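The values are calculated or read from the model by the stated rules, or taken from the named source; none is laboratory data. Since the structure is predicted, the reported quantities are computational estimates derived from the model, not experimental observations. Heads up, the Cβs are rebuilt from the backbone with ideal geometry, glycines too, and the neighbour counts pull from every protein chain shown. Note: accessible area is taken over every heavy atom of the protein model, side chains too, but ligands, DNA and RNA are not part of it. Shrake-Rupley method; radii C 1.70, N 1.55, O 1.52, S 1.80 Å.
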Amino acid sequence: MERKFNDQEIIRRDKLRKLQDENKNPFLITKFKRNYNSLSFKKEFDKFSKEELHTNESKIILAGRIMAIRQTFLVLSDFFGKIQLYVNKKATPDLFETLKNEIDIGDIVGVQGTPMKTNTGELTIKVIQLTLLSKSLKPLPEKWHGLQDEEARARRRYLDLIMSEESMQTFITRSIVLRELRNFMDSRDYLEVETPVLHPILGGAAARPFKTHHNTLDREYYLRVATELPLKKLIVGGFEKVYEIGRIFRNEGMDTTHNPEFTSIESYEAYISMWEIMDLVQDIFKHIATKLNKLTLEYKETKIDFTKPFKRISMIELVKEKTNIDFNKIVNDKDAVTLAKEHHIELAAHQKTKGHILNAFFENFCEKDCIQPTFIYDYPIDVSPLAKRNSKNPNMTERFELFICGKEFANAFSELNDPIDQQARFQSQLNEKDLGNSEANEMDWDYIDALEYGLPPTGGLGIGIDRLVMLFTNQETIRNVLLFPHMRDEK
């Protein structure tokens, strides 16, 4: 297919050909040694006055992308920020001609010069030598409005990062969040481990999987929907505290909080319950909020306060509080189905049980109002096939989820370690699959086998890192916190 170029692209390609003809091909340059970046330069020289810098002959060498050209002034951007450059037309006429004839906005250049301040007091580099390191063959968007469209920003993340300091800061924050999660878990003596991405059995979460085929083994595999089961096998094996940060894959819908692949952290600790994990989750969120200086923050125009203890309430209590319906008094599935119909809750074939309907009442009438950090605990056994039964109510489990601004941020259990009960739960999942539940777990005999050797009482946790970053960067869509989100094909 023959490519068509616009006028500006043709001009830039002509400039490149001329440079190549003159043996000045920028793409042959392999390195450029710097002694400053924009931040270190400002830190060292911004404290000096214009007069003091007038006699300062310090040699400054840095590199970056040209973001603006205004006659003899340029703006150069690197990872750390922006700095102004100045080319003295009279003192360096050859350099000025190079600027005029060879340099375009978007080009990556190396700069050598000395520090100065303008009459307005702006710290600037007086350029002595300028080296073109990479020619930008496409013009940058003239104004930011050309990339305000979230879809355009996500498709061309490289342009988004070039043009938007806010976007760059979002992904720097994401890196800090990941680092601080690791620092926190390491400080609590958790061991970071890695488990397989390809799973022979669908399990660990209620989710639709991606499938793939391994040619040598001639068998089907699932891309993991969770890291849970392999991590718990490690607790069986003798590890007492483990965690994994990794990519998870779910073949489900896409919306503002869901992407086909996302990042999670899962952790497991022997000899504790969900109640200790609840304290751990609160500590994790407060640790990250402290490191980001965001113990109070604005998210979707709502003030979130991490300085106070997180609210704790059972699912049944909250449903009763919001709807005046006490599910402790619902005797059977038939009565629950009647209640669902009266409240216009649609049920799939596999959801016509008291436990599924309790969960549906919570999702429909309670979840959206969990604004400040709130732990919802005691989930029905029907929706928690891997969680330990509540000893006081065998129809419920020791499970909690953390909600903030109506969205789930963490999911945790006292882990089911009874292999006989676990086998029965897997069988119930297979029954649900027969009724049309495409997210149901499969029977995992290898995991049952591991449990039969003995899993100690264990507390397990999962946190979605993308949503965590959304929260701390005030982003309303998951696309804006993924460097390369999945997108529909352009039309």
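Some notes on this structure:
- Cα-only radius of gyration and Dmax that characterise the chain, units Å: 29.0, 92
- When the pairs 43/126; 15/135; 15/100; 47/117; 211/407; 334/354 are compared against a 19 Å limit on Cα-Cα distance, 211/407 fall above it.
- Rounded percent of accessible protein surface that carbon and sulfur make up, the chain, 1.4 Å probe: 48 percent
- In range of the label at residue 39: residues from region 274-295 whose backbone nitrogen is under 16 Å from the point 7 Å along Cα→Cβ: 292-293
- The chain, accessible area per residue, ligands and nucleic acids excluded (1.4 Å, Å²): 52 Å²
- For the chain, calculated [θ]222 nm from helices alone, where every DSSP H run of n ≥ 4 adds -39500 (n - 2.57): -10500 deg cm²/dmol
- Region 117-185: GluC sites (Glu not before Pro) in DSSP coil with no more than 12 other Cβ atoms inside 10 Å: 142
- With the largest listed first and rounded to whole Å, the semi-axes of the equivalent ellipsoid of region 1-123 from the Cα gyration tensor are 30, 15, 14.
- Gain upon complete extension [residue 216, residue 142; 0.36 nm per residue less C-alpha separation]: 21.4 nm
- For region 170-238, alpha-carbon Rg and Dmax in angstrom: 15.7, 43
- Residue 467 accessible area, assembled protein chains, probe 1.4 Å, Å²: 40 Å²
- Kirkwood-based shape ratio for region 225-372, expressed as Rg/Rh from alpha carbons: 1.01
- Gain in span if fully extended, residue 352 to residue 10, counting 0.36 nm per residue against the direct Cα distance: 116.6 nm
- Here region 303-343 is treated as a sphere whose radius is the Kirkwood value from Cα pairs; by Stokes-Einstein at 25 °C and 0.890 mPa s it diffuses with a coefficient of 199 µm²/s.
- Volume per residue of the convex hull around the Cα atoms, evaluated for region 350-458, comes out as 108 Å³.
- Per residue, the convex hull around the alpha carbon atoms of region 288-359 comes to 148 Å³.
- Relative contact order, percent, region 337-491 [alpha-carbon distance under 8 Å, six or more residues apart]: 17 percent
- Rounded to the nearest 10 Å², the accessible area of residue 187 at probe 1.4 Å: 80 Å²
- Neighbourhood net charge (9 Å Cβ-Cβ; Lys/Arg +1, Asp/Glu -1) for residue 411: -1
- Solvent-accessible area of residue 217 with every protein chain in place, 1.4 Å probe, in Å² to the nearest 10: 100 Å²
- Backbone amide hydrogens, once placed in the peptide plane, bring residue 410 within less than 5 Å of 402, excluding anything fewer than 5 places away on its chain.
- Karplus 3J(HN,Hα) series, Hz, for region 330-344 with 6.51 cos²θ - 1.76 cosθ + 1.60 (x for Gly, Pro): 7, 7, 8, 5, 4, 5, 5, 4, 4, 4, 4, 4, 4, 9, 6
- Distance in nm between pseudo-label sites at residue 58 and residue 363 (7 Å out along the Cβ direction from Cα): 6.0 nm
- Calculated P(r) tail over 16 Å for region 403-491, as whole % of Cα pairs: 70 percent
- Computed on region 73-230, the Cα convex hull volume stands at 233 Å³ per residue.
- Karplus-based coupling profile of region 41-57, in residue order and whole Hz: 5, 5, 4, 7, 10, 5, 6, 8, 7, 4, 5, 5, 6, 4, 9, 8, 10, with θ = phi - 60° in 6.51 cos²θ - 1.76 cosθ + 1.60 and x standing for Gly or Pro.
- Relative to the current alpha-carbon distance between residue 434 and residue 48, full extension at 0.36 nm per residue lengthens the span by 131.4 nm.
- Rounded if a/c under 1.5, otherwise prolate or oblate - region 78-126, Cα gyration tensor axes: oblate
- Loop chymotrypsin sites (Phe, Trp or Tyr not before Pro), region 378-478, which have at most 12 other Cβ atoms in a 10 Å radius of their Cβ (DSSP): 453
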